[in-house]
1. Condition check: of a type in the set (S, T, N, Q), modelled with pLDDT of 85 or more, open to solvent by less than 90 Å² (accessible area, probe 1.4 Å) and within 26 Å of residue 76 (Cβ to Cβ). Does residue 22 satisfy that?
2. So residue 28 fits all but one of (1) among the small types (Gly, Ala, Ser); (2) crowded, with 18+ Cβ neighbours inside 10 Å; (3) without any contact (Cβ under 8 Å) to a residue 40 or more places away in the chain; what number is the exception?
3. For the stretch 180-201, enumerate the residues that are closer than 19 Å to residue 120 by Cα and of a type in the set (Gly, Ala, Ser).
4. Take residue 237 and decide whether it is modelled with pLDDT under 95, open to solvent by less than 40 Å² (accessible area, probe 1.4 Å) and within 17 Å of residue 282 (Cα to Cα).
5. Considering the stretch 76-117 alone, what residues qualify as being open to solvent by less than 70 Å² (accessible area, probe 1.4 Å) and small (Gly, Ala, Ser)?
6. Which members of the stretch 245-269 meet the condition of being within 16 Å of the ligand (Cβ to nearest atom) and either within 31 Å of the chain's Cα centre (by Cα) or under 15 Å from residue 318 (Cα atoms) (or both)?
7. Testing residue 233 on (1) in contact (Cβ under 8 Å) with a residue 60 or more places away in the chain; (2) under 24 Å from residue 292 (Cα atoms), one condition comes back false. Which one is that?
Amino acid sequence: MLENQISELQAAALKRIAAAHSADEIEAVRVEALGRKGALTQVSKEMGKLAPEERARVGKLLNAAKQALEQALDERKQEFDASALRAQLDAEWIDLTLPSPGPRAGSLHPITQIQMEIEDLFVSLGFMVLDGPEVETEYHNFDALNIPPEHPARDSQDTFWLTDGNLLRTHTSPVQVRGMERFSPPLRMIAPGRAFRNESVDASHEHTFYQLEGMMIDRDVSVAHLLYFMKTLLTEVFRREVTVRLRPGFFPFVEPGFELDIQCVICGGSGCAVCKHSGWVELLPCGLVNPNVLRISGIDTEKWNGFAFGLGLTRLVMMRYGIDDIRLLQSGELRFLRQF
Ligand code: PHE
């Protein structure tokens, strides 16, 4: 009787073990067959009623059944554990032989990019590209440009003075003087570079900014020549028609002097922080070179005259890319720079 029961329980449990789908099912079979209230455990409680020799036989059978089940349970459990481990390893697999993504490619600062474009343009028009020092003499920055010490133009170009009497140049115009000192006319030059002013910094003012100076000295240079070059320059930079206006402008080193304004490309002329809500941005001060300036540098004004301009390179970059805060340009912020 009991022997049959044991064999049946064993067979049923083995069948369930073989058909199990998970470690949890295996565990359930273990509890139901071998647990404290399990079927085989119940059987062993019945054994007390048996005669001693029968008890020994059934006991053996029971132990064998328990062992067989334990073994089958352990084997299946190991199978499930192994496949769970395999699945985990598969999920965590990485290919260490893959090449790395490599360093991120850098790019030129937008000011550098536009500076190079304009240099290419002017070189193609027969201009030299000149360089001058950022720490300038008072003579080159002011006096030789027809700005004597008591002239109010010095106040509008407040700058950083060094203890030795030199200064951080307030514009790139001193390179005009250096160009005239080094070369004799006819002369075509541009000079991109940094300029400095004692400004309080806001969305449209920086103490450090970029300009691109230009000068042409030749025979019978007129405002028409000046306008031709300025239009060529702006068409090249913006690659489309831009609205400009010419106002009289005063600079001691040009006569007549002009302010060439461009309609604000950021707001389309309706007014924003960059154009100081005027709709226009001063971009290109220019004019015919004041004969005093030529004379100071020893050029014969009977033979030669010229034009000059001082393009605001920083402002131009802001206009072209729609940058509405000048401080971004020197922020060193990579999220900003990666856009260019
Ligand atoms: N140097 C002047 C400035 O920075 C600009 C300028 C240059 C004007 C050349 C006329 C001719 O304000």
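The values are calculated or read from the model by the stated rules, or taken from the named source; none is laboratory data. All figures in this text were calculated on a predicted structure; none of them were measured in a lab. Ideal geometry is used to build each Cβ from the backbone, glycine not excepted, and the neighbour counts take in all protein chains shown. Accessible surface areas use protein heavy atoms only, side chains included; no ligands, DNA or RNA. Shrake-Rupley method; radii C 1.70, N 1.55, O 1.52, S 1.80 Å.
1. So residue 22 fits the description; yes.
2. Among (1) among the small types (Gly, Ala, Ser); (2) crowded, with 18+ Cβ neighbours inside 10 Å; (3) without any contact (Cβ under 8 Å) to a residue 40 or more places away in the chain, the lone unmet condition for residue 28 is (2).
3. 191, 193
4. yes
5. 82, 83, 84, 87, 102
6. Result: 261, 262.
7. Just one mismatch for residue 233, condition (2).
For (1) in contact (Cβ under 8 Å) with a residue 40 or more places away in the chain; (2) in contact with a helix residue (DSSP H, G or I) (Cβ under 7 Å, 6 or more places away or on another chain); (3) farther than 30 Å from residue 328 by Cβ; (4) not aromatic (Phe, Trp, Tyr), each residue gets a yes or a no:
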| residue | (1), (2), (3), (4) |
| --- | --- |
| 65 | yes, yes, yes, yes |
| 90 | no, no, yes, yes |
| 98 | no, no, yes, yes |
| 103 | no, no, no, yes |
| 120 | no, no, no, yes |
| 124 | no, no, yes, yes |
